[in-house]
Amino acid sequence: MMIVLRKNCSLKEKAQITRTIENHGLAIRVTETAGRVAFIVLLPPTDEIVDALEKHAGVEEIRRTPSCQLVTRDHSPEPTQFDVGNVTVGPNSLVVIAGPCSVESPDQMLETALGVADAGASMLRGGAFKPRTSPYSFQGLGERGLELLADAGQRCGLPTITEVLAPEHADLVAQYTDVLQIGARNMQNFHLLQIVGEKNKPVLLKRSPMASIDEFLCAAEYIAAAGNSRIILCERGIRTFERATRNTLDISAVPVLKEMSHLPVFVDPSHAVGKREFVPPLAKAAVATGADGLMIEVHPNPEEALSDGRQSLTLPQFSEVMKQIQNLANLEKRDICPAERIATSRSQS
Ligand code: PEP
Ligand code: MN
């Protein structure tokens, strides 16, 4: 619930309103909306408290927004920006996360890391705990995978991101990686969302293929309500009747999410479309619609990949797509972050 105060609300009235809210056992966060002070209460409003608040002269409006508040533009009109190592996530940059679906071996991880860094990627990905449809498919290397990812990230100078599959892995994963990824299948694992919300690491939240935009934002709200405001929303395709592609990239989710929420919005074209030849056009579409970042699967030898080889770009293909994306970003005066490293890698080539 959001309680918007009148412009001329006195300090005494503010204190009285605060007391009314606190007497109902509710905690308050203070924010500003359209130049007005507003109190946010992180619980669904009861009729009783709404009645009590309406009696205060200092209250202009009570907005019943029970499902999500912290992640909305009402709460923070300005876009959220934060740093991950030397990478700035936010409205003025374009962040490209690249790497294999799964961490498979030291050589595979290092070759990919050096290749994507050279092509100008911002961050390195690689799954160590894999959510696989079949229990007989490769499930990831676990902690060994985390070690290999961290090592490769260090050697090529890129921050890393990997998925937290279960609450009991959260501390371990947070020890090794810079960003915690919540996979599409776990988007509504509310317990897991709360756990990563308590960690001191940014979280990239994938949209479930079954989730509406409202449900997606409510999932992000769980993380924010647990105290973590460094959240990236990632659209990765939803399930529709269409079978020609793995999922259907909901490209309209990009501008819609950016209007509803102040959080950065990324797009993962690889899991959306499922076929490598369609990844570059979707990556470009994402940049054109205002996505703040991309997540792209890359493998040095996709035919031998232990997961998602069909959708993984080769290193030369990734290099090519990076040039196309940068050309597009130039039109909007955006640079793939961090800009200095790209400049360096270009001047060396
Ligand atoms: C992944 O990024 O490795 C992954 C499993 O993606 P998603 O959760 O979107 O399916
Ligand atoms: Mn994958």
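Just the number, please: percent antiparallel of the DSSP beta bridges in the chain, rounded to the nearest 5.
So the antiparallel bridges amount to about 40 percent of the total.
Given a Förster distance of 30 Å, report the FRET efficiency between ALA339 and GLU259 from their Cβ-Cβ distance, rounded to the nearest 0.05.
E(calc), rounded to 0.05, equals 0.65.
Compute the distance in nm between two label points, each set 7 Å from the Cα along the Cα-to-Cβ direction, one at ARG243 and one at LEU11.
So the two model labels end up 7.0 nm from each other.
With the crude spin-label approximation of a point 7 Å out along Cα→Cβ, what separation in nm comes out for GLU215 versus ASN92?
Here the modelled spin labels are 3.8 nm apart.
Over 5 Å intervals from 0, what percent of Cα-Cα pairs in region 68-137 sits in each interval?
3, 13, 17, 15, 15, 13, 11, 8, 4, 0
Take ASP51, project a point 7 Å from its Cα along the Cβ direction, then tell me which residues of region 20-44 have their backbone nitrogen under 19 Å from it.
20-26, 44
R0 = 56 Å: FRET efficiency of ARG36 with ARG132, Cβ-based, nearest 0.05? Could the numbers behind the result be given before it?
On the way: r = 49 Å, r/R0 = 0.88.
Once rounded, the FRET efficiency stands at 0.70.
Cα centroids of region 309-334 and region 2-78: how far apart, whole angstrom?
One Cα centre to the other: 45 Å.
From zero outward in steps of 5 Å, how is the percent of C-alpha pairs of region 192-274 spread across the bins?
3, 16, 26, 23, 17, 10, 4, 1, 0
Just flag the chymotrypsin sites (Phe, Trp or Tyr not before Pro) in region 188-257 sitting in loop per DSSP whose Cβ has no more than 10 other Cβ atoms within 10 Å. Show your work: numbers first, answer last.
Values: sites: PHE190, PHE216, TYR222, PHE241; in loops: PHE241.
Filter output for region 188-257: PHE241.
Can you give the FRET efficiency for ARG185 and GLU143, using 1/(1 + (r/R0)^6), R0 = 25 Å, r = Cβ-Cβ distance, to the nearest 0.05?
Once the sixth-power term is evaluated, E becomes 0.75.
Provide the convex hull volume over Cα atoms per residue for the chain, in Å³.
Convex hull volume per residue, Cα atoms: 142 Å³.
Leaving out ligands and nucleic acids, and using a 1.4 Å probe, what accessible area per residue does the chain come to in Å²?
Computed with neighbouring chains in place, this is 43 Å² per residue.
With Cβ to Cβ distances under 10 Å as the rule, what net charge do the other residues near GLY183 carry (K, R +1; D, E -1)?
Value of the local net charge: +3.
Give the accessible area for LYS12 in Å² (nearest 10); use a 1.4 Å probe, count only protein heavy atoms, and leave out ligands, DNA and RNA.
That residue has around 150 Å² of solvent-accessible surface.
The values are calculated or read from the model by the stated rules, or taken from the named source; none is laboratory data. The structure displayed is predicted, hence computed values, not measured ones. Quick reminder, even Gly has a Cβ in these numbers, built from the backbone with ideal geometry, and neighbours come from all protein chains shown. SASA here: full protein model, heavy atoms, side chains in, ligands and nucleic acids out. Shrake-Rupley method; radii C 1.70, N 1.55, O 1.52, S 1.80 Å.
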